Structures are given as structure tokens and as C-alpha cells.
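Please read the structure below before turning to the comments.
Computed from the coordinates by the stated procedures, all read-outs in this text should not be read as laboratory data. Please read these numbers as outputs of a predicted model, since none were measured by experiment. All Cβ positions, glycine included, derive from the backbone under ideal geometry; neighbour counts span all protein chains shown.
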Amino acid sequence: MALLLQILVTFSILSLVAVGGANAVLPEMHRQLVELRGWMDDATFSQLYALAQAAPGPNILVASVMGWRVGAWGGMAMATIGMLLPSAILAWGMAGLLHRLRGAAWLKPAQAGLVPIAVGLLLAAGLVMAEASSQFGPLPLVIVAISTLFVWRTSWSPLWVLAGGGVLGLLLLG
């Protein structure tokens, strides 16, 4: 029971700093699950992340899959509740506050200031995943850089990056 409570608390805290979605907290998730708690190693973390991203559905699946690996079905439930409930309560409260403050002059610049934070968190997530794949040397960092530039500078769907990553993974691991 203590493990399930630890999973719930860990993912609840991650939920509250997930500006930009579950992928934005990937570096902190890695730090919590791999480095601090030792619940899994780098390779397992990377594989579970890849599995969650390959599955159809929201990015939140990464938390569910990680929770399942650590604490079976109960761990999956606690990780999912932990990632969803605190941020949902916060979003509900903020929506009401933003509705009341919708005419405030400072609101738009404050919201625009969150964009670079979300971008930085997502870039950090890519770097952590590249580092966790260190068995391939600097190649993962090159892939992150190329993928970032592709998504940023072209109007093509980011799904092309996902497809390219799948083909590259087959070539490297197949």
C-alpha cells in the first residue's frame, strides 16, 4: 500500500508542473522514477516511453504505463489519477479565474510568457530521452535536433517525425 501511495504522490506533484502536457515533465519523471526512487533503469524508461507514444491516445498514457511497470494495475491507476486529478482541479479553478479576469491588460502577456517555458520543458524532455538512449552515442541528440528543426521550420505534420523515428528504430534495432 505504501508503494501505491508513493506513486500517487509522485505523479500528483508531476501533474502540477506539467505545463505543456505530460511530455513536458518527462525529465522530472525520469529523475523521480529512475534516479531518485530507482523504480526502473534508463533503458526501461525509454522503452516504456516509446510504447506509450506508439499507442493511440493522449500523451498521458506515459504516466499510466510507468505506473503499471512500477506497481502493476494499482500503480497504473494511481499514476493515472495522480497525473489527471490535481491538474484537472487546477485547470477548473484557473478557468473560473481567467473568466473573471478576461479584460485585464496583463493577462495576455502573462499567458504568452508560458509559451517559452512549455517549449523549454519539451526540449528538455527530448534531451533526457536522447541521453537515456546513450547506447547509440551522439546519434539520439542529432535526431532530436533534426526533429525539432523539422517540426519548427516546416508546415509538415509532426507525424512524419514519428514515422521517421519508427523506421530509424527498425533499422537500428532490427
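Just a yes or no: is a residue in the range 11-21 polar (S, T, N, Q), buried (at least 19 other Cβ atoms within 10 Å of the Cβ), more than 26 Å from L170 (Cα to Cα) and in contact (Cβ under 8 Å) with a residue 40 or more places away in the chain? Yes; the residues of the range 11-21 include at least one that is polar (S, T, N, Q), buried (at least 19 other Cβ atoms within 10 Å of the Cβ), more than 26 Å from L170 (Cα to Cα) and in contact (Cβ under 8 Å) with a residue 40 or more places away in the chain.
If you go through the range 23-41 and pick out every residue that is surrounded by fewer than 24 Cβ atoms within 10 Å (Cβ to Cβ) and among the aliphatic types (A, V, I, L, M), you end up with 4. Please go through the range 2-59 and pick out each residue that is among the aromatic types (F, W, Y) and either over 17 Å from G166 (Cα atoms) or touching a Gly at 6+ places or on another chain (Cβ under 8 Å) (or both). Result: F11, W39, F45. For the structure I just gave you, tell me whether G164 is more than 23 Å from E28 (Cα to Cα), free of Cβ contacts under 8 Å to residues at least 60 places away in the same chain and surrounded by 14 or more Cβ atoms within 10 Å (Cβ to Cβ). In short, yes.
Taken over the range 51-80, the criterion of being of a type in the set (V, I, T) and either without any contact (Cβ under 8 Å) to a residue 12 or more places away in the chain or farther than 18 Å from A24 by Cα (or both) is satisfied by V70 alone.
Among all residue pairs at least 6 apart or on different chains, which show Cβ distances below 9 Å where the first residue, located in the range 144-161, is free of Cβ contacts under 8 Å to residues at least 12 places away in the same chain and at positive phi and the second is surrounded by 10 or more Cβ atoms within 10 Å (Cβ to Cβ) and hydroxyl-bearing (S, T, Y)? As it stands, the answer is none, since no pair meets every condition given.
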